[in-house]
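Just so it is clear, none of the values below were taken in a lab; they were calculated from the coordinates. Computed from a predicted structure; not experimentally measured. Cβ atoms come from the backbone with ideal geometry, glycine included; neighbour counts cover every protein chain shown.
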Amino acid sequence: MDEQPARKKYTPAEALAKIQRYCAYQERSHKEVKAKLFEYGLPVNQADELLSQLITDGFLNEQRFAKAYAGGKFRMKKWGRLKIKNELEFLGLTKNCINLGLKEIDARDYTKTLKQLLVKKAGSVTEENPYRKRDKIARFAIAKGYEPDLVWEQLRDILPD
């Protein structure tokens, strides 16, 4: 039977120093930090105490996290708003924080990025049937989290009938 090596258990003071470095490295959600504190072998009450101390000390801020996450995923991975929203919900952020994060995405940049994605995909799809080709391209963009009506509107401009 495979036994996992025992994880090192940290004292609250050691865990605080370690988790502060973890939070300073990049923006984190409360859910990620809490999971990490449990990995350090802390009980729920100590993890909650450290979590509130991190918030008080400015190491954790869900609004700041939402903005960084939404902006980063849009710029780097070219994700659409729907996918970003779903991921932020999964990370346990409030609707208010999610909406703040999504405001980081400029509407003109969003449309321009979608158009670039569609043009690039259109160049790589070898389908001869124009309807199937459009469908494949649309599915690709919708899977990346772009709104279906916006995708089809842009696609009609790129590949007219």
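At a glance:
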{"quantity": "For the chain, calculated [θ]222 nm from helices alone, where every DSSP H run of n ≥ 4 adds -39500 (n - 2.57)", "calculated": "-22500 deg cm²/dmol"}
{"quantity": "Difference of contour (0.36 nm per residue) and Cα-Cα distance, residue 120 to residue 52", "calculated": "19.9 nm"}
{"quantity": "Percent RCO, i.e. relative contact order, over the chain, from Cα pairs under 8 Å lying at least 6 residues apart", "calculated": "20 percent"}
{"quantity": "Length added when fully stretched, residue 161-residue 26, from 0.36 nm per residue minus Cα-Cα", "calculated": "43.9 nm"}
{"quantity": "Candidate values (1) 1.24; (2) 1.03; (3) 1.40, label of the one derived for Cα Rg over 2.2 N^0.38 Å", "calculated": "(3)"}
{"quantity": "Neighbour-count ranking [beta-carbon atoms within 10 angstrom, fewest first] of 109, 149", "calculated": "149, 109"}
{"quantity": "Gained length - residue 112 relative to residue 147, 0.36 nm times residue gap less alpha-carbon distance", "calculated": "11.2 nm"}
{"quantity": "Per-residue ³J(HN,Hα) for region 64-70, Karplus 6.51 cos²θ - 1.76 cosθ + 1.60, θ = phi - 60°, Hz, x for Gly and Pro", "calculated": "4, 4, 4, 5, 5, 5, 5"}
{"quantity": "Cα long-axis angle, helix 107-124 against the chain (0 to 90 degrees, to the nearest 10)", "calculated": "60 degrees"}
{"quantity": "Length-normalised contact order for region 107-158 - Cα pairs under 8 Å, 6+ apart - percent", "calculated": "40 percent"}
{"quantity": "Residues 7, 28 arranged by fewest to most Cβ contacts within 10 Å", "calculated": "7, 28"}
{"quantity": "Above-threshold pairs, the threshold being 19 Å between Cα atoms, out of 34/103; 67/103; 77/133; 31/85; 34/78; 77/144", "calculated": "34/103; 77/133; 34/78"}
{"quantity": "In degrees, nearest ten, helix 81-90 long axis to first principal axis of the chain (Cα)", "calculated": "20 degrees"}
{"quantity": "Measure of compaction for region 67-136 (Cα Rg per 2.2 N^0.38 Å)", "calculated": "1.34"}
{"quantity": "For region 35-44, Karplus couplings with θ = phi - 60° (6.51, -1.76, 1.60), whole Hz, Gly/Pro x", "calculated": "4, 5, 5, 5, 4, 6, x, 8, x, 3"}
